[in-house]
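To start, the structure itself, in structure tokens.
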Amino acid sequence: MTMLEVRAVSHQYGLKQVLDHVTFSVEKGELFGIVGPNGSGKTTLLKLISKELPLVSGEITISGQPLSALSAKQWARMAAVLPQTAETAYGYTVKETVALGRYAHQRGLFPTWTKEDEAAVQEALAAVGLIDKIDEPLERLSGGERQRAYLARALAQEPQLLLLDEPTNHMDISGQVRLLDRLVEAARSRGLTVVAVFHDMNVASLYCDRVIVLKEGKTAALGAPADVMTPALLQEVFAAPVVRQAHPAAAKPVFSFVPKGKEESPAAGLRLSFLDDAAVLAARKPLRVLSSALIGAGFQWATHFVNRQVGLDYDCRDAEEDMHRYLEQRGFLPERTVGMMTAVDVRDAVWVQEEGEAFLVAVMATAGVGNAIDAARSWQHKPFAVKPGTINMVVVIDGRLTDAAFVQAVMTATEAKAKALADRSVCDPETGTVATGTSTDSLAVAATQTGRTFAYAGTATELGRAIGRLVYEAVTEALDRYKRRRGRP
């Protein structure tokens, strides 16, 4: 069922055209977002829908009724407005503020307060989580709580349509999340239709069912955020480079604007040093990393890569927490560090690099194979205690990698490692077949994200060939050092 219909709406301030034939519809129960840069017509469009500005050109209907046909009280029963900020009514309690939302449902010169009015106010306060603040003076609330009180006032109005103009403006993160979560819960439980202006692209993406993107008063895009909010569109609309990524916990895209600045490659600042029990690779500037390490797994930005040596009898129930504590005690920020563990002597770490005209690739590796395993036959293993032996690798690339290139670099490095094991005849002791790695290997692929862009890093590419060769050389040498230290030929 269509709740709101906007057809060919235009508007001018003097000679300036701020909206130009904007058309869209919003279904009942939908959370619809209006986004765009400053001056694109977002607030003007909302003011036309809310009857704050007179409609001169085009048509707007609510539940099939033209706005022009609705009296003020009829409008108030159908729609409520939550502005960016509202002036605090000093002397009013939270409940008294919310009760103002019942005006549209009261009749007569001296209206009486009914059970229905009380129930609507109590339900609205519960919906926004302010029951415990019911008798508090409004001016004593925090900004986020005050905005939730105004949302409760709008909900107490029991509208079919709720209009919001940047409702989370000037709120901290926790306040934004609380307000928007409460709004979504209320909309879903009541079948409420919400139309909101959002300044933040990520908020619009995470909370809206659909959005309209405005540029200079015209419709630049209309649809689900994941479908229409592309980097190309947003760069065109906002005139700034945008990176789009998948949200780590929701099936929604999130966006980052890329600042301009002088590109300075940090690759020349790479430095390998040793502590008594760790090999440490440090970068002058943060590198973007895709890692399987104990600390810093997944995508992150890091300045340090710590390969910590533990004893052959190391046994810790929470190795991650132990590693976190280890890093802090030695002055490393865990949020900027990739942390790995190995029982191999870290003094045998191998560092190789290749610097050509186009790019630089460097690899650090340590290798032990006391826990060697054939991944294709690991299912044949009986439960066993983990033995010392880990292959840890850090691959650093001076270049700008796409997400696909990061993943392909991981694949290329893993294949090269497996080939090094095969050529050194390292076998899985349980199956007697050639090992592909150990059960505790870690890998980090890091990129400066400056200079040349690499869309791919598979074995058929120039970058992939360099990664494969250097990983093979580093792992082979690390295996040889491991054998020599153990006194094997």
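The values are calculated or read from the model by the stated rules, or taken from the named source; none is laboratory data. Bear in mind the structure is a predicted one, so any value in this text is a computation, not a measurement. Please note: Cβ atoms are built from the backbone with ideal geometry, for glycine as well, and neighbour counts cover all protein chains shown.
Listed values, structure above:
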{"item": "Elements of type helices (runs of 4 or more DSSP H) in the stretch 173-248, at least 1 residues being under 28 Å from His11 (Cβ atoms), in contact (Cβ under 8 Å) with a residue 40 or more places away in the chain and aromatic (Phe, Trp, Tyr)", "result": "201-207, 231-238"}
{"item": "Hey, Val228 within 20 Å of the chain's Cα centre (by Cα), under 23 Å from Lys28 (Cα atoms) and surrounded by fewer than 23 Cβ atoms within 10 Å (Cβ to Cβ) or not", "result": "yes"}
{"item": "Candidates Phe454, Phe359, filtered to the one that is touching a Leu at 6+ places or on another chain (Cβ under 8 Å), among the hydrophobic types (A, V, I, L, M, F, W, C), farther than 30 Å from Gly311 by Cβ and surrounded by fewer than 22 Cβ atoms within 10 Å (Cβ to Cβ)", "result": "Phe359"}
{"item": "Number of the exception - Asp135 against (1) in a loop (DSSP other than H, G, I, E, B); (2) among the charged types (D, E, K, R); (3) out of contact with any Ser or Thr (no Cβ under 9 Å at 6 or more places or on another chain)", "result": "(3)"}
{"item": "Answer from Val395, Val445 - the residue that is in a strand (DSSP E or B), out of contact with any Leu (no Cβ under 7 Å at 6 or more places or on another chain), of a type in the set (A, V, I, L, M, F, W, C) and assigned by TED's automatic domain parsing to the domain that holds Val346", "result": "Val395"}
{"item": "Output for the stretch 64-84, where each listed residue is surrounded by 15 or more Cβ atoms within 10 Å (Cβ to Cβ) and either part of a loop (DSSP other than H, G, I, E, B) or touching a strand residue (DSSP E or B) at 6+ places or on another chain (Cβ under 6 Å) (or both)", "result": "Leu67, Leu70, Met78, Ala79, Ala80, Val81, Leu82, Pro83, Gln84"}
{"item": "Number of positions in the stretch 466-489 that are over 18 Å from Leu421 (Cα atoms) and without any contact (Cβ under 8 Å) to a residue 24 or more places away in the chain", "result": "1"}
{"item": "In the stretch 279-332, residue surrounded by the most Cβ atoms within 10 Å (Cβ to Cβ) [restricted to those that are in contact (Cβ under 8 Å) with a residue 60 or more places away in the chain and polar (S, T, N, Q)]", "result": "Asn307"}
{"item": "All positions within the stretch 325-348 that are in contact with an Asp or Glu (Cβ under 9 Å, 6 or more places away or on another chain) and more than 27 Å from Tyr482 (Cα to Cα)", "result": "Pro334"}
{"item": "Pairs where the first residue, in the stretch 26-52, is under 18 Å from Pro167 (Cβ atoms) and the second is among the aromatic types (Phe, Trp, Tyr) and assigned to a loop (DSSP other than H, G, I, E, B), C-beta under 8 Å, 6+ apart", "result": "Gly33/Phe198; Ile34/Phe198; Val35/Phe198"}
{"item": "Residues located in the stretch 22-77, provided they are at positive phi and either hydroxyl-bearing (Ser, Thr, Tyr) or not assigned by TED's automatic domain parsing to the domain that holds Leu234 (or both)", "result": "Ser63"}
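Conditions tested, residue by residue: (1) farther than 19 Å from Ala444 by Cα; (2) of a type in the set (Val, Ile, Thr); (3) part of a loop (DSSP other than H, G, I, E, B).
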| position | (1), (2), (3) |
| --- | --- |
| Phe274 | no, no, no |
| Leu281 | no, no, no |
| Trp301 | no, no, no |
| Asp315 | yes, no, yes |
| Val338 | no, yes, no |
| Val344 | no, yes, yes |
| Arg347 | yes, no, no |
| Met364 | no, no, no |
| Trp379 | yes, no, no |
